[in-house]
Amino acid sequence: MATYQIRVARSGSDGATDSFTVELDHRMTVLDALFLIQREQDPTLSFRCSCRVGMCGTCAMRINWQPRLACQTRVLTLKADTIVVEPLAHLPVMKDLVVAMDPFFEQWKRVKPALHPDPKRDPKKLAVVPPTSEFGKQAQGKRDCITCGACYAACGIVGSNEEYLGPAAINKAMLRLMDPRDNAVDERLEELNDENGVWRCHTQFNCVAACPKGINLTDSIMKMKRSLLFPKKFHDKRNFVDNP
Amino acid sequence: MTSAISLTIRKYSWKYAGNLAFWIQRLTGLGLVFYLILHVHTIHDLRDPAKFDAALATFSKPFFKLGEIFLLATVILHAMNGIRLTMVDMGVGLTKQRQVFWYFTIGLGAALLIAGALPMFIYGILRHQP
C-alpha cells in the first residue's frame, strides 16, 4: 500500500480541481481509486465506467495528461505519486469526468460505419473472408477499436478544427473500404477526400500513442491518403480477394 | 511529490515523439521563413560595393558565425524531419516512427550538424582574425 494524491478536475463555475489522498495497493487501477474516493470521501464525484476490463471504452479519461482507460491504468505504471485525472479533451464536459461523446460520433457517422452490402449478393450466402486475403491482413489489428475517444482527445488537429473526421472514424472507414462485401465505396471515399478528411492529418502520431488497444491509426490514415492518390491500385487491391 | 515538470518531460520524450516532431517542423519552418526574408532584405541593400564589403566584414564576426551554426542546425532539423515526413507519407517506417524520429532525424541530424559546424567553429570563431 502507498499513499497517492489524486487531483480530480471538477466541473462547475470555478473549474477547480479537488485533491484527495488515498491509500492504494500497487495493483489497483485509477478507476479503483475513483471508486474509493466516491465511496469514502466525496459521493458527488461523477465518472463513467462499465466493463472494467478494457473492452467497452467507457472510462476513457485524461490521466496525467494522457488519454487512457481508467480501468486499464494501474497506479504503479504511472510512476508518480500525484495522479491528475481530467475529462477527455475536445469533448463537452457534462459533469466532472463525464463527457458527451456527440462530436466524436457525429464524425463517426459521416464515414457510414455500418456495412452496406452489395444488393446483388445473395444475402443468405455467408461471405468467407480468409485471414490471408487482403482484407483479412488489413483488418488484423485494426478492428479492435472500442470507440473510447482516446485518439480523438489526443489529436492536436481535432483540438484546432472540430470539423476534422478524427483518427477513429478514418480507421473505421478504412476497414469498411477494404471489406470486399461492402458496396458504399464511393460515398466513403468522397467523405475522406475532403479538406477535413484524411488530408487534415499532420501525422502527429498522438492517436497512436493514446490508443489503449494499440491500433496504428496513423497507418490507416496514410493508407487512405495513398488510396486516394492511386485509386486504380486501391480498387485492384480491393477486388483481389479470394472471396466467393 | 512527482513534479509537474518531470511528468511533462516524460510525456513528450518518447511516447509523443510524433508530436514533438510536428512542433519542431513548425517552429523551424517559421524560423527559416523569417531568416529568408531577412536574408533577401539584406542582399537587396548591398548594391553598393563598399557597403557590400562592410557587410561581409560584419558577417564574418564570431557572433554571426555562431548564428550561422544555429541556422545550419535549423536547416538540418527541418530537412531531416521533412525526409522523415515524406517517409511517413510513403508508408515507410510507420510502425517504428519513434525510432525513425530519434535515430534518423535527431541522431543523424546531430552527426551532420557536428560535421558541418566543426569547421565553422574552428575557422570562424576560434581562429577568427579581426
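Output yes when any residue across region A:107-115 is polar (S, T, N, Q), under 30 Å from A:CYS59 (Cα atoms) and in contact (Cβ under 8 Å) with a residue 12 or more places away in the chain, and no when none is.
Initially, region A:107-115 is screened for residues polar (S, T, N, Q), giving A:107.
Next cut, under 30 Å from A:CYS59 (Cα atoms) only: A:107.
Those still in the list that are in contact (Cβ under 8 Å) with a residue 12 or more places away in the chain too: A:107.
Checked against the condition, which is being polar (S, T, N, Q), under 30 Å from A:CYS59 (Cα atoms) and in contact (Cβ under 8 Å) with a residue 12 or more places away in the chain, region A:107-115 yields at least one hit.
I want to confirm something. Restricting to region A:48-97 and keeping residues that are of a type in the set (Asp, Glu) and part of a loop (DSSP other than H, G, I, E, B), which single residue is most open to solvent (accessible area, probe 1.4 Å)? Show your work before the answer.
Here is the first cut: in region A:48-97, the residues of a type in the set (Asp, Glu) are A:81, A:86, A:96.
Checking which are part of a loop (DSSP other than H, G, I, E, B) leaves us with A:81, A:96.
Working: A:ASP81: 53, A:ASP96: 5 Å².
Looking at residues that are of a type in the set (Asp, Glu) and part of a loop (DSSP other than H, G, I, E, B), I get A:ASP81.
Pull up region A:131-148, narrow it to residues that are of a type outside the set (D, E, K, R) and open to solvent by 30 Å² or more (accessible area, probe 1.4 Å), then point me to the one that is farthest from A:ASN171 (Cα to Cα).
First pass over region A:131-148, keeping only residues of a type outside the set (D, E, K, R): A:131-133, A:135-136, A:138-141, A:145-148.
If we keep only those that are open to solvent by 30 Å² or more (accessible area, probe 1.4 Å) as well, we get A:131-132, A:140-141, A:145, A:147.
Details: A:PRO131: 19, A:THR132: 20, A:GLN140: 12, A:GLY141: 11, A:CYS145: 9, A:THR147: 11 Å.
Among those that are of a type outside the set (D, E, K, R) and open to solvent by 30 Å² or more (accessible area, probe 1.4 Å), it is A:THR132.
Restricting to region A:191-244, name every residue that is open to solvent by less than 10 Å² (accessible area, probe 1.4 Å) and more than 14 Å from chain B (Cβ to nearest Cβ).
A:LEU192, A:GLY197
Across region B:87-102, what is the total count of residues that are exposed (fewer than 15 other Cβ atoms within 10 Å of the Cβ) and of a type in the set (A, V, I, L, M)? Even if it seems obvious, please write down each step before you answer.
Residues of region B:87-102 exposed (fewer than 15 other Cβ atoms within 10 Å of the Cβ): B:89-92, B:95-96, B:99.
From what is left, the residues that are of a type in the set (A, V, I, L, M) are B:90, B:92.
Residues in region B:87-102 being exposed (fewer than 15 other Cβ atoms within 10 Å of the Cβ) and of a type in the set (A, V, I, L, M): 2 in total.
I need a count of the residues in region A:149-165 that are open to solvent by less than 10 Å² (accessible area, probe 1.4 Å) and within 25 Å of A:GLU134 (Cβ to Cβ).
Looking only at that region, the number is 1.
(1) within 12 Å of chain A (Cβ to nearest Cβ); (2) crowded, with 17+ Cβ neighbours inside 10 Å: which one isn't true of B:THR105, the others all being true?
Going through the list (1) within 12 Å of chain A (Cβ to nearest Cβ); (2) crowded, with 17+ Cβ neighbours inside 10 Å, B:THR105 breaks only (1).
Any residue at all in region A:158-168 that's in contact with a Cys (Cβ under 6 Å, 6 or more places away or on another chain) and within 14 Å of chain B (Cβ to nearest Cβ)?
Within region A:158-168 (the criterion being in contact with a Cys (Cβ under 6 Å, 6 or more places away or on another chain) and within 14 Å of chain B (Cβ to nearest Cβ)), the answer is yes, since at least one residue qualifies.
Here are B:GLY91, B:GLY116, B:GLY124: which of them is within 14 Å of chain A (Cβ to nearest Cβ) and more than 17 Å from B:TYR16 (Cα to Cα)?
Working: B:GLY116 fails: within 14 Å of chain A (Cβ to nearest Cβ); B:GLY124 fails: within 14 Å of chain A (Cβ to nearest Cβ).
Exactly one residue qualifies, and that residue is B:GLY91.
Can you tell me which residue in region A:1-17 is surrounded by the fewest Cβ atoms within 10 Å (Cβ to Cβ), limited to those that are among the small types (Gly, Ala, Ser) and part of a strand (DSSP E or B)? Walk me through it before giving the result.
Residues of region A:1-17 that are among the small types (Gly, Ala, Ser), as a first pass: A:2, A:9, A:11-13, A:15-16.
Keeping just the survivors that are part of a strand (DSSP E or B) gives A:2, A:9.
Details: A:ALA2: 12, A:ALA9: 18.
Out of the qualifying residues, it is A:ALA2.
Condition (residue is within 14 Å of chain B (Cβ to nearest Cβ) and surrounded by 21 or more Cβ atoms within 10 Å (Cβ to Cβ)) applied to region A:180-190: is it met by at least one residue? Break it down stepwise before answering.
Looking only at region A:180-190, we keep the residues that are within 14 Å of chain B (Cβ to nearest Cβ), and these are none.
No, every residue in region A:180-190 fails to be within 14 Å of chain B (Cβ to nearest Cβ) and surrounded by 21 or more Cβ atoms within 10 Å (Cβ to Cβ).
Could you run through region A:98-144 and say how many residues are more than 30 Å from A:LEU34 (Cβ to Cβ), in a helix (DSSP H, G or I) and not hydrophobic (A, V, I, L, M, F, W, C)?
Result for region A:98-144: 6.
Determine if region A:145-156 includes at least one residue that is within 14 Å of chain B (Cβ to nearest Cβ), under 20 Å from A:MET222 (Cβ atoms) and part of a loop (DSSP other than H, G, I, E, B). Before you say what the answer is, go through the steps one by one.
Keep residues of region A:145-156 that are within 14 Å of chain B (Cβ to nearest Cβ), which gives A:150-151, A:153-156.
Next cut, under 20 Å from A:MET222 (Cβ atoms) only: A:150-151, A:154-156.
Subset that is part of a loop (DSSP other than H, G, I, E, B): A:155.
Yes.
If we keep just the residues of region A:176-193 that are assigned to a helix (DSSP H, G or I) and more than 19 Å from A:GLU106 (Cβ to Cβ), which is modelled with the highest pLDDT?
First pass over region A:176-193, keeping only residues assigned to a helix (DSSP H, G or I): A:176-178, A:185-192.
The next check asks that each one be more than 19 Å from A:GLU106 (Cβ to Cβ); those that pass are A:177-178, A:185-186, A:189.
On the way: A:LEU177: 89, A:MET178: 85, A:VAL185: 89, A:ASP186: 89, A:LEU189: 92.
Ranking the qualifying residues of region A:176-193, first place goes to A:LEU189.
For the subset of region A:98-111 comprising residues that are open to solvent by less than 70 Å² (accessible area, probe 1.4 Å) and not aromatic (Phe, Trp, Tyr), which member is farthest from A:GLU162 (Cα to Cα)?
Filtering region A:98-111 for residues that are open to solvent by less than 70 Å² (accessible area, probe 1.4 Å) and not aromatic (Phe, Trp, Tyr), the one farthest from A:GLU162 (Cα to Cα) comes out as A:VAL98.
Which condition does B:ALA57 not pass, out of (1) at pLDDT below 95; (2) within 26 Å of A:CYS151 (Cβ to Cβ); (3) part of a helix (DSSP H, G or I); (4) open to solvent by less than 80 Å² (accessible area, probe 1.4 Å), if it passes all the others?
Failed condition: (2).
The values are calculated or read from the model by the stated rules, or taken from the named source; none is laboratory data. Note that this is a predicted model, so its numbers are computed, not measured. Cβ coordinates were reconstructed from backbone atoms using ideal geometry, including for glycine residues, and neighbour counts include every protein chain displayed. Note: accessible area is taken over every heavy atom of the protein model, side chains too, but ligands, DNA and RNA are not part of it. Shrake-Rupley method; radii C 1.70, N 1.55, O 1.52, S 1.80 Å.
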